[in-house]
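J.: Got a structure for you, questions after.
Derivation of every value follows stated rules applied to the coordinates shown; laboratory data play no part. Computed from a prediction, not measured in an experiment: that's the story for all the values here. For neighbour counting, all protein chains shown are included, and Cβ atoms are generated from backbone atoms with ideal geometry for every residue, glycine included.
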Amino acid sequence: MWRTVERAAVSWLAAHRSRFDPDAAEKGRVLFVRKALVEVALLVGLRARAESGSFGDDADYRTLLDQVTEVTSRASYRELVARDERALLLYAGTYASRRLCGQRDSEFERLIEQAVAGRYAACFERVPFRQLDLLHTLELSGIDHGMPAVGAVLPFSLFCADPSVLKLSDGDIYAITHTVFYATDFGRRVPRWPTGFDLSRAVEMLESLSLLCRRKENADLVAELLCCLLCLRIHDSPEVARAWAFLADVQEPSGRVAGPDGVLPPELQNGDAEYRDWATGYHTTIVAALAGHLARDPAVLRQASPSPARSIGKGGLGHAIRRATAWLAEAALEVPFDDAVPAAGAAARGARSVGEPQLAARALSSLAQHARNILDQPVAWGRQGVDSVAECARGLSAAGLTCDSLDRFLTETATALTELTVIPATAAGGVSRLRDLGRLTPEHAALLLASTNPTSLLAGNRAPAVTAAALAQYADGEPHRLGNDLSTWHLVAERFAAAVPAACRSYRLEEVAALLQGLGLLGWADHRITRDGVDFLLGQQHPTGAFGYPACDGHRERATALRIWTQGCVVALSCLYDL
């Protein structure tokens, strides 16, 4: 597959060779084309290096080299090195390519050396990945520079900082991918990583980002992340296979791979259709071809994907659940019955998870007393969600408490179910809870549950968080109830995972919690995206135990938001804690 992708991509690039000539570009597009030229030159140079300066039967690579040679042999191009020192990388990159192809050019090399020695071009402030770009380019150009080595720059890079995958912008991801390219010399060396650097976590981060970018259909970043994994010698992981399948699927018959929306600035969007087709696709097509090259470069060795770095820390999670449960139990005392039930139910769920029923006992006792005082009929319990009611019943039982109206409601509900043999999937969670509470016999509960199918909950255009909540209600903390169709559930888990970053950015904590609970039930509790999501939620916990920062001043509005957020977080984190 990778060879097919590479051949088609290089063929398309060669067919558009004239577009990589800055002198042929319209005014206002020249700089854009110079950037395109250095990128295609790098691809050609790396391919030639792997073939000891030749291209074998790859005539399209030869065509592209001829184009690079033609442009860079002009004095009008080479002498820009001396006139535009801030753009040193544009020109040094094309010379590095020619040098890798065996085309030493003493005059071009002298101009670059002169610019480097000029006490500005190589020393003005650059972010770490751009500094690594400079070091790598000068290395390939054979230029002495006297600057700190790659190992001195890497500790300051975003890649080595192990960032949360949920918070990275596209620009951040490009900084990460380019760091890997230059630090590893495109897979030909293992750099001196900073102290404490964990390669397994880095690979896990790249694979998680690849998943997120596939779901966004950003072929440019998928290709770059695939190249990174290959540079780190990971060729055979499941995510690598999925990335290749994605690129093969989106590649057009011509070989072009379209870039993401918004790749062109407004001033470059005008022009004929052929120009826009080239301008919006050349970079992604180059990176797809580069991935193919790295997959077959014999100098880029293979190694097994390192073992996952870690799982969710149960100690810290348990501490957070206890604090939140205690806060919720107090909050439930101060609100009306309809608000107190979900708060007390969530508190009971947290207390059950950590094995400390006393944490929720006061809230449940108050709820039972409230029900005795104002409820003549159990109908009020029917206004509440089945999850909350069942957790209140479980919590009352664990604490040795009773509530007559709740008992009557559960009895009436169970009696109604004994008349049925088929139930909708949405009722499955309630059936399993009634069974666990001893209200339904195991035999009848099994009959009813056998009539349901969790995949029916996936139908329609439900939002991922809504689907996750429905599956959690269906499973009631028992992942095996979702079945063993791994292919179906993997795609569902990807949907949930891909929705987590947007939910975090928009601060929809209830959605984040639901998605993480769904991921846990689908076997992704130890996935990097889930762990980073848990870290995000824990970072929103107050010293009081409540979750969330409403960023408003109204007391009632703040109290409501905190209570609702904390309920969702306690339930989700308790589910993950129990898995």
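J.: Could you size up the charge dipole of the chain around its Cα centre, putting +1 on the beta carbon of Lys and Arg and -1 on that of Asp and Glu, and report it in debye to the nearest 20? It would help to have the intermediate numbers written out before the result.
T.: Values: 60 positive and 68 negative charges, 150 e Å.
For this selection, approximately 720 debye.
J.: For the chain, what number of Lys pairs, 8 or more residues apart or on separate chains, have alpha-carbon atoms under 30 Å from each other? Write down the numbers at each step before the final one.
T.: Details: 27/35; 35/167; 35/216; 167/216; 167/314.
Total qualifying Lys-Lys pairs in the chain comes to 5.
J.: When only C-alpha pairs under 8 Å and at least 6 residues apart count, what is the relative contact order of segment 301-370, in percent? Mind dumping the intermediate values first?
T.: On the way: 62 pairs, mean separation 21.2, N = 70.
Averaging sequence separation for qualifying contacts and normalising by length gives 30 percent for segment 301-370.
J.: Separation between the residue 551 and residue 372 pseudo-spin-labels, each 7 Å from Cα along Cα→Cβ, expressed in nm?
T.: Here the answer is 4.6 nm between the modelled labels.
J.: R0 = 41 Å: FRET efficiency of residue 70 with residue 201, Cβ-based, nearest 0.05? Could you put the intermediate results ahead of the total?
T.: Values: r = 45 Å, r/R0 = 1.10.
E(calc), rounded to 0.05, equals 0.35.
J.: Further question: What dipole magnitude, in Debye to the nearest 20, does segment 390-483 give about its Cα centre under +1 on Lys/Arg Cβ and -1 on Asp/Glu Cβ? Show your work: numbers first, answer last.
T.: Values: 7 positive and 9 negative charges, 48 e Å.
That gives segment 390-483 a dipole magnitude of about 220 debye.
J.: Please work out how much length the chain gains when fully extended from residue 296 to residue 542, using 0.36 nm per residue of separation minus the C-alpha to C-alpha distance, in nm with one decimal.
T.: Values: separation 246, 0.36 × 246 = 88.56 nm, distance 5.17 nm.
Gain on extension, residue 296 to residue 542, equals 83.4 nm.
J.: Kindly list the residues of segment 11-46 that lie in the label zone of residue 270, defined by a backbone N under 15 Å from the point 7 Å along the Cα-to-C-beta vector.
T.: Residues 26-30 qualify, since their backbone N sits under 15 Å from the label point.
J.: How much mean residue ellipticity at 222 nm does the chain get from its helices, if each DSSP H run of length 4 or more adds -39500 (n - 2.57) and you divide by all residues, to the nearest 500 deg cm²/dmol?
T.: Roughly -19500 deg cm²/dmol at 222 nm, from the helical runs in the chain.
J.: Tally Lys/Arg at +1 and Asp/Glu at -1 over every other residue whose Cβ is under 12 Å from the Cβ of residue 358; what's the total? All intermediate terms of the calculation are to be shown ahead of the outcome.
T.: Values: positive: 322, 352, 362; negative: 356.
Taking every other residue near residue 358 into account, the sum is +2.
J.: Work out the length of the dipole vector of segment 79-230 about its Cα centre, built from +1 on the beta-carbon of each Lys and Arg and -1 on the beta-carbon of each Asp and Glu, and round it to the nearest 20 debye. Before the final figure, lay out each step's value.
T.: Details: 17 positive and 21 negative charges, 27 e Å.
In total the dipole reaches around 140 debye.
J.: Further question on the same structure: Which distance in nm do the two modelled labels at residue 158 and residue 480 give, with both placed 7 Å along the Cα-to-Cβ direction?
T.: Rounded to a tenth, the inter-label distance reads 4.4 nm.
J.: Also, I was wondering about something else. Over the chain, what is the relative contact order in whole percent, taking alpha-carbon pairs under 8 Å and six or more residues apart? Don't skip to the answer; put the middle values down first.
T.: Values: 842 pairs, mean separation 73.7, N = 579.
Rounded, it is 13 percent for the chain.
J.: Here's another thing I want to ask about it. Whole-Hz Karplus ³J(HN,Hα) for segment 194-201, in order, using 6.51 cos²θ - 1.76 cosθ + 1.60 and θ = phi - 60°, x for Gly and Pro?
T.: x, 4, x, 5, 10, 4, 5, 5
J.: Another question, then. Pulled fully out, how much extra length does the chain show between residue 217 and residue 408, if you take 0.36 nm times their separation in residues and subtract their Cα-Cα distance?
T.: Details: separation 191, 0.36 × 191 = 68.76 nm, distance 5.25 nm.
Between residue 217 and residue 408, full extension yields 63.5 nm more.
J.: I want the local charge near residue 111. Using Cβ-Cβ distances under 12 Å, sum +1 for each Lys or Arg and -1 for each Asp or Glu among the other residues. Don't skip to the answer; put the middle values down first.
T.: Values: positive: 78, 83, 110; negative: 79, 84, 85, 105, 107, 109, 113.
Every neighbour counted, the sum reads -4.
J.: Taking the alpha-carbon centroid of each part, what is the distance from segment 525-579 to segment 253-322 in angstrom?
T.: 32
J.: Find out how many positive minus negative residues lie around residue 54, taking Lys and Arg as positive, Asp and Glu as negative, among other residues whose Cβ is under 11 Å from that of residue 54. Mind dumping the intermediate values first?
T.: Numbers: positive: 47, 49, 62; negative: 51, 57, 58.
Taking every other residue near residue 54 into account, the sum is 0.
J.: So which trypsin sites (Lys or Arg not before Pro) in segment 107-167 pass both tests, a DSSP loop state and at most 15 other Cβ atoms within 10 Å of the Cβ? Write out the running numbers ahead of the final one.
T.: Working: sites: 110, 119, 126, 130, 167; in loops: 119, 126, 167.
Qualifying residues, ordered by number: 119, 126, 167.
J.: Quote the relative contact order of segment 411-451 in percent (integer), defining contacts as alpha-carbon pairs under 8 Å separated by 6+ residues.
T.: Details: 28 pairs, mean separation 20.6, N = 41.
That works out to 50 percent.
J.: Pull out the extension gain between residue 23 and residue 167, defined as 0.36 nm times the separation in residues minus the alpha carbon to alpha carbon distance; nm, one decimal.
T.: On the way: separation 144, 0.36 × 144 = 51.84 nm, distance 4.06 nm.
That works out to 47.8 nm of additional length.
J.: In terms of modelled amide H atoms, which long-range or inter-chain residues lie less than 5 Å from the amide H of residue 541?
T.: For residue 541, the qualifying residues are 548.
J.: Let me ask something additional. Testing the spin-label approximation: label points 7 Å from Cα along Cα→Cβ at residue 57 and residue 358. State their distance in nm.
T.: According to this spin-label approximation, the distance is 7.9 nm.
J.: Moving on. Using the Cα centre of segment 375-511 as origin and beta-carbon charges of +1 (Lys, Arg) and -1 (Asp, Glu), tell me which of 410, 466, 397 is placed farthest towards the positive end of the dipole.
T.: 466
J.: Now a separate question. Of 337, 355, 325, which is farthest along the charge dipole of segment 295-369 in the positive direction, counting Lys and Arg as +1 and Asp and Glu as -1 at C-beta?
T.: After comparing all options, I get 355.
J.: Considering only C-alpha atoms, what is the centroid distance from segment 169-210 to segment 361-423, in Å?
T.: If we compute the Cα centre of each part, the gap is 53 Å.
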